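Data first, discussion second: the structure below is written as structure tokens.
The values are calculated or read from the model by the stated rules, or taken from the named source; none is laboratory data. From a predicted model like this one, the values you see are computed outputs, not experimental measurements. Counting neighbours? That spans all protein chains shown, and the Cβs are built from the backbone with ideal geometry, glycine included. Heavy atoms of the whole protein, side chains included, go into the accessibility calculation; ligands, DNA and RNA do not. Shrake-Rupley method; radii C 1.70, N 1.55, O 1.52, S 1.80 Å.
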Amino acid sequence: MSRLEQTSPDHGSRPPLVAECDVVVVGAGFGGLYAIYRLRELGLKVIGIEAASDVGGTWYWNRYPGARCDIPSLLYSYTWSEELRREWRWSEKYAAQPEILRYAQHVADRFALRSLIRFDTRVTDADWDEAAESWTVRTDRGDCIVASTCVMATGNLSVPNKPKLPGLERFHGPVYHTGQWPHQEIDFSGLRVAVIGTGSSGVQTIPMVAKAARRLTVFQRTPNYSVPARNAPLSDADIAAAEPVIAKYRESLESPEFGRVPANAFDAPVPERDAQWARYEQLWEQGGGGILTAFPNILTDAAVNDVACDFVRDKIRGIVNDPATAEALSPKDYPLGVKRICIDTGYFATYNLPHVELVDLRTEPLTSVTETGVETATRSFTLDALVLATGYDAMTGALAAMQIRGRNGATLKEAWADGPSAYLGLMVSGFPNLFVVTGPGSPSVIGNVIHACENHVEWITACLGSMRARGLTRIEPEPDAERAWMAHVADAASRTLYPKANSWYQGANIAGKPRVFMPYVGQGYRHRIAQIAQRGYEGFVLR
Ligand code: N01
């Protein structure tokens, strides 16, 4: 019987908590931590609940070798505390998971947030009581907390997708999921290891696993565009040089123009193919996701995007020695950037190592997992360990896993049976006083998720502050406003190339999940939600 190796939180024993408070915050990742901080500053009694044994959210769970951020560390940081910014020093251009986790832990300690959080505790139910205008939140530890408001900061990539591979339970060796990696170091040396999945997690972990394993077999269903990170240690001079850029970016977050591209920029002619190529060369050398900023219309104009795709495919052919492997690694049936682009360190070159093999599941489907390995339509692979880099039930998974019963007794999962819907990605009609941090219908995962979290937490805090000041106790979106917003979210996506890939952005990676493009990829979101607040929370019913 195979085991899925993972962290099992030490539930220990503690008496169940029976309490009342103003706000329950679910999740202690970057969104939850900041929510707890801000709401406490507002003078509210806050209780945080976190399934993990510590803070950090995705960075608590994703301990797989090679895990690091894909946005430069100096930007992958909170902006709300100048002291925090000054006292924290990132060691690398793209920080690795242990350092990012230490940052989250530092924030929790620095701002004394831990004492407000119940760790090793998973919310099972949240029930709205219409008469009392409160939520009753229950947990797997027997806690029962009554609160007027719930803030769901449960993360967009927190429920691992564990595909039902036929026979997986028979495999005799350990099975690891990148999103639930054990706390102890896993030593793959001398082992025959397989990685299934070649998204960002697979692309990051494959070169690291290859360093130790005796044999590495990568089972790929869909190839991904990946660009080099060109990670490096950050010197004091690097940090000083980045200061003005970061200051400008932070300033721009406050501007009405943030996240807005001038309409005419989309139609602006792009230079000739050679000049485009030269620009891509420059960005490839620079490293990181800058390639997606080469031209404003790269994600809206197929002809422009095609050249970028050709460029990356050309790079793959230049790196990978075996032409057939290079071909299999080259994405061909979707545009660049419409699945989250991967940022790697030596990914494609890993396939030149003699002990690493790519198996293309499109030509050689996986038929079963046996006690000793994996069988495809044509071959058997003997394995000692299996790594599932198979992603997440993204954006809605964690919310649907709880029984959240709203005004009419229906659960959020039922309300979202045909696909998620949330006004501004923040609130759902029928679920009063329940806020979602970076929910479906907001930009969330598209940009820098830490700053998306900050934006939502600040909006929610201001909203609750304003309600308190006006003696209001209840807020809920108007169904029409929510419908119109979701139509706008769909329309914004349809004006881009995003829908042209079977991505987790639209739930395509989970069997049976309704296909709805979930993140908001339109213009000027921050300004828009700020204006809605200024206009007295237009589209919401308050009383
Ligand atoms: O997950 P994914 P991920 N048989 O869904 C394959 C963020 N992130 O964990 O594409 C065989 O992207 C699946 O194949 P296909 C980032 O936002 C960031 O890698 O469905 N294969 C795909 O190849 C990212 O986008 C970082 O055909 C199966 C892979 O598994 C998001 O998290 C690092 C399969 C899953 O790729 C998710 O990334 C890591 C099956 N039955 C993650 N089922 C940073 O760099 C699935 N696959 C910050």
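Of all residues in the range 181-197, those satisfying the criterion of being surrounded by fewer than 24 Cβ atoms within 10 Å (Cβ to Cβ), touching a residue at least 24 places away in the same chain (Cβ under 8 Å), assigned to a loop (DSSP other than H, G, I, E, B) and not aromatic (Phe, Trp, Tyr) are Pro182, His183, Ile186, Asp187, Ser189, Gly190, Leu191. The set of residues in the range 512-543 being closer than 25 Å to Gly337 by Cα and hydroxyl-bearing (Ser, Thr, Tyr) consists of Tyr520, Tyr525. In the range 50-69, the count of residues that are within 12 Å of the ligand (Cβ to nearest atom), within 18 Å of Gly447 (Cα to Cα) and of a type in the set (A, V, I, L, M, F, W, C) is one or more.
Could you please find all residues in the range 125-157 being touching a residue at least 40 places away in the same chain (Cβ under 8 Å) and open to solvent by 50 Å² or more (accessible area, probe 1.4 Å)? Within the range 125-157, Glu130, Leu157 qualify.
Contact map, the range 168-180: residues that are of a type in the set (Ser, Thr, Tyr) paired with residues that are in a helix (DSSP H, G or I), Cβ distance under 7 Å, separation 6+ or inter-chain. Pairs shown: Thr178/Ser201; Thr178/Thr205. Find the residue count for the range 294-309, including only residues that are open to solvent by 10 Å² or more (accessible area, probe 1.4 Å) and under 12 Å from Tyr334 (Cα atoms). Of the residues in that region, 3 qualify.
Determine which member of the set Ala511, Ala490, Ala452 is open to solvent by 10 Å² or more (accessible area, probe 1.4 Å), modelled with pLDDT under 95 and within 29 Å of Pro163 (Cβ to Cβ). Let's see the steps before the verdict.
Details: Ala490 fails: modelled with pLDDT under 95; Ala452 fails: modelled with pLDDT under 95.
Going through Ala511, Ala490, Ala452 in turn, the sole match is Ala511.
You will find that of Ser429, Ser442, the residue that is in contact (Cβ under 8 Å) with a residue 24 or more places away in the chain and buried (at least 23 other Cβ atoms within 10 Å of the Cβ) is Ser442 and no other.
Looking at Pro335, Pro354, can you tell me which residue is assigned to a loop (DSSP other than H, G, I, E, B), more than 13 Å from the ligand (Cβ to nearest atom) and crowded, with 19+ Cβ neighbours inside 10 Å?
Details: Pro354 fails: crowded, with 19+ Cβ neighbours inside 10 Å.
The conditions single out Pro335.
Regarding the range 31-53, can at least one residue be identified that is charged (D, E, K, R) and either open to solvent by less than 10 Å² (accessible area, probe 1.4 Å) or in a loop (DSSP other than H, G, I, E, B) (or both)? For the range 31-53, residues charged (D, E, K, R) and either open to solvent by less than 10 Å² (accessible area, probe 1.4 Å) or in a loop (DSSP other than H, G, I, E, B) (or both): present.
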